[in-house]
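A short write-up of the structure that comes next.
The values are calculated or read from the model by the stated rules, or taken from the named source; none is laboratory data. Not measured: the values here are computed from a predicted model. Glycine gets a Cβ as well: all are built from the backbone with ideal geometry, and neighbour counts include every protein chain shown.
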Amino acid sequence: MRRLIFILALALLVCLGIGGCTPRRVGEAMNRADSLMTSAPDSALALLDAIDPATLRTDAARARHAVLLTRARHLAYVPVYDDSLIAIGTDYYATHGTHAEKAEAFYMSSVVNNYHQRYEQSIVDGLRAEKHALATSDHLLLGLVYRTIADGFDRLYDWSSALHYYTLSYDNFKLAPENIYTDWAGIDLARAYLYQGELNKCIELADKAIEHGKQNNDNAILVETYRMLGNGYSWSGNHSLVIDFYDKVIEIAPETMTERDYSNLGSAYLSLGNTDKANQYQACIYSLNPDNKSLESLISEHEGDYRNAYKLLTKELAYQNNIVSKITGRSYARTISDYFKTEENNSAIKIEKNRQLTVIISIASILIMISMIIIFNYRSRLQRHEKELIICEARELRNILQEKENEVSEARSVSALAKDNVGGCSPRVSRFSTASARHTFSSRGSQTKGTRFQTRYCPSFPRYRTTGRFSATSSLWSTPISTDSWPGCAGTCPA
């Protein structure tokens, strides 16, 4: 029984957990993670990792989660080994989403490719992100995109292109409302000036970075700036300053020293005659990379062992040539050129499609206008015809009304004449035509229609006395009669 209750309770909790992961809550969690991305990337990463991929029911949700998760891992310094995650975002946002979403997706793809040392593809993705970021006027995003592009050129030893994009990155970071990356952009730009041989500009930007680092107690900026200046003064041959700046790096963060730093520092001590320090830093180089023989060859040369120095230098040249061949063997210029050609072709195709669409819309508009004109003319003719019919009917009705008015007027005239003859037997003759007027008499329940008659008044018999022709419908009046023998008259009325 207890086991059954436990199973039921567990099933209930699982159902509640599944039901609680609604798309609305998933969206709220991603919004919360996005808001924490800059200030607390670790918290944002925890929120995004807690989202079950099964609750991402739409392509848009999966794409946004992929981009945010990749960005959170990058900002939390978690290595991004799997590039299939960001591919979900770039595949979706290639044809969907806003300019800001497209720019962020391609920017993160550029970061991932840079991490995997695919610098050509990193530059191409950065250029794609730039196209969409320019449409947003987001200076912070533009600064990040330009920095990633510049990093790709820097890894490929194309320092003139790196300087160009580092300059754009620095300018945009200065315009961004959150200038948290400005100092780092200044360091990157100073390094680009150093590689171009412009040491004075490098030192100017480095001094600003050191000032800001001391004001904000930012040891990371100070360490990076000191390392860059030590490398720069190593190129210029100022060995005492090289030792001073690298000693500051070792004092703040000795674990950040690289084999190049140890090589520069050992070379400076060796130039000043301190072989022990040079050997000490050569041991540090061996601990990081046993194949690096640069400082050891210099030490052998300084001690007069030229045969060993030549042998070590030969190995060092082979090692350096191997590194350079990996870079020079890359066809990054062709890759970037192909990208621009593809963009030009896409732009030409887009322009052609827009032109065709414009032509189609224009033709459709003309056809619609012609159809509207035809319909309007047809309706106008139809309405005009209907008006003409109405006018004709009105004229006919007016004629009929006029005829009726004439009939009524003539009837009134006859009635008036009849009243005038009531006082005597003066005969008056009225002529009626079947077209103009009709007078109906009632006699013994029958109707007669007079065509010609005379009326006389008989004093002894107060009736109208009629002579003339009659058409009688009754059998009593089937033949014409003379009213001289009218009953009661006794012939007293004159004929």
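Structural remarks
- Residues in segment 268-321 that are among the aliphatic types (A, V, I, L, M) and touching a Lys or Arg at 6+ places or on another chain (Cβ under 7 Å): 1 in all.
- Within the option set Ala150, Ala135, being touching a Leu at 6+ places or on another chain (Cβ under 9 Å) and among the small types (Gly, Ala, Ser) holds for one residue only, Ala150.
- Filtered residues of segment 423-442 (kept if surrounded by 10 or more Cβ atoms within 10 Å (Cβ to Cβ) and either in a loop (DSSP other than H, G, I, E, B) or modelled with pLDDT of 60 or more (or both)): Gly424, Cys425, Ser426, Pro427, Phe432, Ser436, Ala437, Arg438, His439
- Meets criteria (surrounded by 15 or more Cβ atoms within 10 Å (Cβ to Cβ) and under 19 Å from Val112 (Cα atoms)) for Leu56: no
- Set Asp171, Asp244, Asp154, Asp183: member being in a helix (DSSP H, G or I) and over 45 Å from the mean Cα position of the chain (by Cα): Asp244
- Residue match in segment 207-218 (condition: of a type in the set (Gly, Ala, Ser), over 39 Å from the mean Cα position of the chain (by Cα) and under 30 Å from Leu134 (Cβ atoms)): yes
- Residue in segment 224-237 that is part of a helix (DSSP H, G or I), closer than 12 Å to Gly186 by Cα, under 44 Å from the mean Cα position of the chain (by Cα) and of a type in the set (S, T, N, Q) present: yes
A quick yes/no check of all residues on (1) acidic (Asp, Glu); (2) at pLDDT below 80; (3) out of contact with any Pro (no Cβ under 7 Å at 6 or more places or on another chain); (4) loosely packed, with under 10 Cβ neighbours inside 10 Å:
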| position | (1), (2), (3), (4) |
| --- | --- |
| Tyr319 | no, yes, yes, no |
| Tyr332 | no, yes, yes, no |
| Ser371 | no, no, yes, no |
| Arg379 | no, no, yes, no |
| Glu386 | yes, no, yes, no |
| Ile400 | no, no, yes, no |
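- Neighbours by Cβ (under 8 Å, 6+ apart or cross-chain): first from segment 182-196, under 15 Å from Thr148 (Cβ atoms); second part of a helix (DSSP H, G or I) and among the polar types (S, T, N, Q): Ala185/Ser169; Asp188/Ser169; Leu189/Thr167; Leu189/Ser169; Ala192/Thr167
- A count restricted to segment 267-283 and to residues that are in a helix (DSSP H, G or I) and surrounded by fewer than 19 Cβ atoms within 10 Å (Cβ to Cβ) stands at 7.
- On inspection, Asn264 passes the criterion of being buried (at least 19 other Cβ atoms within 10 Å of the Cβ), closer than 30 Å to Lys311 by Cβ, under 54 Å from the mean Cα position of the chain (by Cα) and without any contact (Cβ under 8 Å) to a residue 60 or more places away in the chain.
- Subset of segment 134-181 that is among the β-branched types (Val, Ile, Thr) and surrounded by fewer than 19 Cβ atoms within 10 Å (Cβ to Cβ) - its residue that is nearest to Glu101 (Cα to Cα): Thr136
- Within segment 33-51, the set of residues being at pLDDT 90 or above, loosely packed, with under 15 Cβ neighbours inside 10 Å and over 20 Å from Ala105 (Cβ atoms) comprises Asp42, Ala46, Ala50.
- Criterion violated by Pro290 - all others in (1) of a type outside the set (Ser, Thr, Tyr); (2) surrounded by 17 or more Cβ atoms within 10 Å (Cβ to Cβ); (3) assigned to a loop (DSSP other than H, G, I, E, B) satisfied: (2)
- Residue within segment 192-200 that is on the phi > 0 side of the Ramachandran plot and either out of contact with any Gly (no Cβ under 8 Å at 6 or more places or on another chain) or hydrophobic (A, V, I, L, M, F, W, C) (or both) present: yes
- Residue count, segment 127-157 (criterion: within 18 Å of Cys202 (Cβ to Cβ) and of a type outside the set (A, V, I, L, M)): 5
- Single residue of segment 244-259 satisfying the filter (closer than 29 Å to Asp305 by Cα and in contact with a Lys or Arg (Cβ under 9 Å, 6 or more places away or on another chain)) that is surrounded by the fewest Cβ atoms within 10 Å (Cβ to Cβ): Thr258
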